[in-house]
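The values are calculated or read from the model by the stated rules, or taken from the named source; none is laboratory data. Note that this is a predicted model, so its numbers are computed, not measured. Here the Cβ is made from the backbone with ideal geometry for all residues, glycine too, and neighbour counts use every protein chain on show. Surface accessibility is based on the protein's heavy atoms, side chains included, excluding ligands, DNA and RNA. Shrake-Rupley method; radii C 1.70, N 1.55, O 1.52, S 1.80 Å.
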Amino acid sequence: MSEKSSTARSSYSRGAIWLHWIIALVIIGQFLGMQYDETLAETDPARGTIYMLHKSFGLTILFLTLVRLIIRLRQGFLPLPPHMAGWEVMLARVTHFGFYALLLLMPLTGWIFGVSAKRGLDYFGLVPVPVLPLEGLAELAHELHEYGAWAFVILFILHVAGALKHHYLDRDDVATRMIPMLKRRS
Ligand code: HEM
Ligand code: HEM
């Protein structure tokens, strides 16, 4: 392994950090947008725009996640600090794996049930998005989208709790390697 790649392994690359935070912000926006949508009347014309944005941002997440996974697979796992117990390492890996699974599942299920011959989609109002030939799975996809949203919330709580624990209780550098404005512990 070259010196460059072994250095990169002690921290996330700049691209991985940017992608992490852009995707996190868009995801939070997806949840807030849908929460706001629920407060609107059935006939409110703003709902069409909110849905178009939700779907377009959701498909953007699919694309960004594929880029992120390529970076991730090329860079491999980052080592976790040796003080972590086996169950903590397992929980961290399961949470990250679960996030990646949901980052693919949410947009794909949304695409299956949210873009149909009847309800087409222009990506950000510009380019028509093809209908996936999986309309028979629309109902299942819709349900998975809703369960997936709950799973996301659970993983998010575990993930943020983990970051806080690493920084404030364990006082190690796991949080600082993804949040560069935090002061490194070592
Ligand atoms: C990572 C990406 C995505 C996230 C995090 C996400 C999240 C959500 C959430 C939290 C809801 C509300 C669920 C509920 O009411 O229980 C929702 C609903 C919805 N999503 Fe997504 N979504 C994503 C991608 C997409 C995509 C790509 C599409 C379509 C192309 C889409 C289409 C829809 C539609 C049509 C609804 C409304 C469902 C209903 O009325 O019951 N979503 N999404
Ligand atoms: C919906 C929002 C978020 C998603 C989907 C997400 C997803 C992920 C994923 C998949 C990883 C693993 C990176 C990899 O190995 O490639 C990761 C790492 C990390 N995330 Fe998040 N994240 C989100 C929000 C946050 C927030 C709000 C914080 C801070 C409080 C945070 C802090 C971290 C830290 C510190 C790491 C590095 C952990 C390590 O090196 O083991 N994330 N995140």
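Observations
- Take the conditions (1) in contact with a Gly (Cβ under 7 Å, 6 or more places away or on another chain); (2) open to solvent by 70 Å² or more (accessible area, probe 1.4 Å); residue 139 misses just one of them, which is (1).
- Residue in the range 49-62 that is among the β-branched types (Val, Ile, Thr), open to solvent by less than 90 Å² (accessible area, probe 1.4 Å) and touching an Asp or Glu at 6+ places or on another chain (Cβ under 9 Å) present: yes
- Residues in the range 96-119 that are open to solvent by 40 Å² or more (accessible area, probe 1.4 Å) and within 11 Å of ligand 1 (Cβ to nearest atom) were compared, and the one that is farthest from residue 145 (Cα to Cα) is 119.
- Long-range neighbours under 6 Å by Cβ, at least six apart or interchain, first residue part of a helix (DSSP H, G or I) within the range 45-61, second of a type in the set (Phe, Trp, Tyr) and open to solvent by less than 40 Å² (accessible area, probe 1.4 Å): none
- Scanning the range 143-186 for residues that are closer than 21 Å to residue 28 by Cα and open to solvent by 80 Å² or more (accessible area, probe 1.4 Å) yields 143, 146, 147, 150, 154, 156, 157, 164, 180, 181.
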